[in-house]
1. Principal axes first, then extents: for the Cα atoms of the stretch 139-181, list largest minus smallest coordinate on each axis, whole Å, largest first.
2. Looking at the P(r) of the stretch 56-181, how many percent of alpha-carbon pairs lie beyond 20 Å?
3. R0 = 25 Å: FRET efficiency of A120 with E142, Cβ-based, nearest 0.05?
4. Would you check the accessible area of V60, probe 1.4 Å, heavy atoms only, in square angstrom rounded to 10?
5. Under the 0.36 nm per residue contour assumption, what length would be gained going from the current alpha-carbon distance of S39 and I65 to full extension?
6. Contour minus end-to-end for A28 and D46, with contour as 0.36 nm per residue of separation and end-to-end as the Cα-Cα distance?
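The values are calculated or read from the model by the stated rules, or taken from the named source; none is laboratory data. Computed from a predicted model, the values in this text were never measured in an experiment. Here Cβ is always computed from backbone atoms with ideal geometry, including for glycine, and neighbour counts include all displayed protein chains. These area figures cover heavy atoms from the full protein model, side chains too; ligands, DNA and RNA do not enter into them. Shrake-Rupley method; radii C 1.70, N 1.55, O 1.52, S 1.80 Å.
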Amino acid sequence: MTATAGTVCTGASTAATGYPSFSSYVRARGPLLLRTARSLTANPCDAEDLLQTALAKTYVAWERIEDHRALDGYVRRALMNTRTSQWRKRKVDEFGCDELPEPAGLPEPDPAEQQVLRDAMWRAVTRLPDRQRAMVVLRYYEDLSEAQTAELLGVSVGTVKSAVSRALGKLREDPELAPVR
């Protein structure tokens, strides 16, 4: 059996000769069962594999299934059991510890360079028009929300959004900050 591009079809000749009703069942119900499998996994390829496994289990048990009206339930149960087995077998390589390891090889940022960057940013902010500067300072330095900034300055939230957007555009174009990017 193979599952490709959202359709499920049988590829084994035994499926067609040994159980013709199984083949017709897979053709008729395959897309619905694939949607069920996709709801159980995050990856569409894993869903196709999951459905293939469940259909293989169903094929093996086809003669023992007495009520063929309950086939969808049987296949759904096979999907769930297979997915649960996969989840239980998943190897966990993470171990809890009291202290987090420090990342190796990351250089410490130079405090002098950080200060140069802060000074350049502040000079660029001071070059903004008064209203934009006030909004940028309140939003990003004082960490106020747009609504809080609007209330404090007595303007609408839309005014804050547009003014801050224009101010950030000017900061992106500031020649003194260009080497930082």
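1. In descending order, the Cα extents are 36, 18, 11 Å.
2. On the way: 5446 of 7875 pairs.
When all Cα pairs of the stretch 56-181 are counted, 69 percent exceed 20 Å.
3. Once the sixth-power term is evaluated, E becomes 0.80.
4. Here the accessible area works out near 110 Å².
5. 6.8 nm
6. Gain in length upon complete extension: 4.4 nm.
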